[in-house]
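One structure is given below, encoded as structure tokens.
The values are calculated or read from the model by the stated rules, or taken from the named source; none is laboratory data. As the structure is a computational prediction, the values presented were derived from the model and not from experiment. Note that each Cβ is placed from the backbone with ideal geometry, even for glycine, and that neighbours are counted across all protein chains shown. Just the protein is used for accessible areas: all its heavy atoms, side chains included, with ligands, DNA and RNA removed. Shrake-Rupley method; radii C 1.70, N 1.55, O 1.52, S 1.80 Å.
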Amino acid sequence: VKIAAVTESSPAAIAGVQVDDELIAIDDGEVRDFLDYQFLASDMAHDFTFRRGNNTFTVELVRQGGEEFGIELPDEKVRCCGNKCTFCFIDQNPKGLRRTLYVKDEDYRLSLTYGNYVTLTNLEEWEIERIMEQNLSPLYVSVHATDPLVRRQLLRSRHTDEITPILERLTAAGIRMHTQIVLVPEVNDGDCLRATLDDLERLVPEVETVAIVPVGLTAHRSRLAKLREFTGPEAADLIDEITTRQSRCLETYGRRIHFLADEFYLLASKPLPPAEDYEDFPQIENGVGMIRRFEHELDETDQLITKAASHTGRERIGLLTGTLFTPVLRKLLEPALERTGEKGTFDIEVMTVQNRLFGSPVTVAGLLSGGDIIEAMREQTGWDRVLLSPEMFNSDGYTLDQMTAADMAGAIHCPIQIDFNGPVVSGV
Ligand code: SF4
């Protein structure tokens, strides 16, 4: 690995290590990427072997407590998947989104660092061995189905390795994992799902959780396989079945293991499980327990909404969200404001925003675009502030269609606040 930078006055700099030197080994271990580096350079002193031109040299680097060796490795190129999943959301993206939203990343190194889900279809043997040797866990694994034919039908992968033997090898070596099943009606539900859940249960405790999430379909599927969404009665049957399974797992393993995405309960018009049934919310990023955690956060908040610094008197606030969350917010907000004593200060109106970018099947707030918000606000006047979900923005503050809160605030002529206690942004 070529050295990207050497920190000034660090042990590496003092030893004469230079940018573009190639780090070959640490002690006796080969360095292939940053994971090897993290694993091999964990002690206070190591022998580092470098190549510079035709010369190879080894230096001992010693660091003090809290100090780094001072070697920076280059950013890694993200690996992509070789799959063509029938339900892939990226294939259902409209044109004009942020470029990164078209990247089909499938990199177990990102799974370890950021919790990205991977199918493990592009793993080479040395990588499986490395995961086991370096105890790289937890991994986030998209299983979908353990039946090899069904999984192949779903993933349409050119890699044909079965998932179960890989999972068995990894878990036997103590690798912990969170798993997910994207459930597609009439493809991997019913008996196929039961068999998959049974197979995964056999790998508990290393398999810590299984999230079952409904297939997400957008309006941009004209040239893709015909799939359908779950109906309310189907969702209700699934909830009954998984609830029974959870009770059995709780008795057997002391944990529920299997969790259904919130969407299934909303679809079935059934009450969500209580917050404690989500345990420590291990699959929250997958939309499992989001509503209960949101409720919990409202309960915990002393003051729900920050008073805008410039505002005097009673303030009119519009809270914009997707169709899925609208009834939940309407039900929760009133009592929350009452409890925090803010009811007399704010008038809050919850407004549903239709997803024009992805189409009406997409109902979550996190997939609303800046354009959707602007369109929804076209006829709306008289609000002092608009509140949006932070899920709409990436870590750099951009929506799916590359707008900032300030861009939107300018277009709708109204300040925007991201999240209840986030900063209030005015238009540019
Ligand atoms: S693994 Fe499947 S769903 Fe994920 S990016 Fe690749 S094709 Fe899309």
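Brief remarks on what is shown
- The chain - mean residue ellipticity at 222 nm from DSSP helices (-39,500 (n - 2.57) per run, n ≥ 4, rounded to 500): -8500 deg cm²/dmol
- Quick note on the range 279-346: its Rg to Rh ratio, both from C-alpha atoms and Rh being the Kirkwood radius, is 1.02.
- The range 29-111, Rg to Rh (Cα coordinates; Rh as Kirkwood inverse mean 1/r): 1.17
- Cysteines not pairable in the chain (beta carbon separation under 4.7 Å absent): Cys80, Cys81, Cys192, Cys249, Cys414
- Helix 163-172 vs. the chain, principal-axis angle (Cα, 0 to 90°, nearest 10): 70
- The mean sequence separation of alpha-carbon pairs under 8 Å and at least six residues apart, normalised by the residue count of the range 274-428, gives a relative contact order of 21 percent.
- Rounded if a/c under 1.5, otherwise prolate or oblate - the range 184-315, Cα gyration tensor axes: oblate
- Three-way shape label, the range 346-428, alpha-carbon gyration tensor, a/c 1.5: rounded
- Residues with amide H under 5 Å from that of Leu319, placed H, sequence gap 5 or more: Glu349, Val350, Met351, Leu387
- Long pairs among Lys307/Lys331; Lys104/Lys226; Lys226/Lys270; Lys84/Lys226; Lys95/Lys226; Lys2/Lys77, criterion Cα-Cα beyond 19 Å: Lys307/Lys331; Lys104/Lys226; Lys226/Lys270; Lys95/Lys226
- Taking the empirical scaling 2.2 N^0.38 Å for compact globular proteins as reference, the range 188-257 has a Cα radius of gyration ratio of 1.34.
- Under the convention that each Lys and Arg Cβ holds +1 and each Asp and Glu Cβ holds -1, the size of the dipole of the chain around its Cα centre is about 1660 debye.
- Carbon/sulfur fraction of accessible area - the range 151-206, other protein chains in place, 1.4 Å, %: 43
- Here's the picture: charge each Lys and Arg Cβ at +1 and each Asp and Glu Cβ at -1 in the chain, and of Gly254, Gln402, Leu197 the one pushed furthest to the positive end of that dipole is Gln402.
- Shape call, the range 383-428: gyration tensor on alpha carbons, a/c limit 1.5: oblate
- What you get for the range 1-139, charging only the Cβ of Lys and Arg (+1) and of Asp and Glu (-1), is a dipole of about 920 debye around the Cα centre.
- Per residue, the accessible area of the chain comes to 49 Å², computed with a 1.4 Å probe over protein heavy atoms only.
- ³J(HN,Hα) computed for each position of the range 309-319 - Karplus, 6.51 cos²θ - 1.76 cosθ + 1.60, integer Hz, glycine/proline x: 3, 8, 8, 10, x, 6, 10, 9, 10, x, 9
- Taking the Cα centre of the range 90-226 as origin and assigning +1 to Lys and Arg Cβ atoms and -1 to Asp and Glu Cβ atoms, the resulting dipole is close to 920 debye.
- Nearest-ten-degree value, helix 326-340 long axis tilted from longest Cα axis of the chain: 80
- Carbon and sulfur %, accessible surface of the range 294-428 computed with the full protein complex present, 1.4 Å: 49
- Taking all Cα-Cα distances within the chain, those exceeding 35 Å account for 43%.
- Projecting the Cα positions of Val62, Gly322, Thr340 onto the charge dipole of the chain (unit charges on Cβ atoms of Lys, Arg, Asp and Glu, taken about the Cα centre) puts Gly322 furthest along the positive direction.
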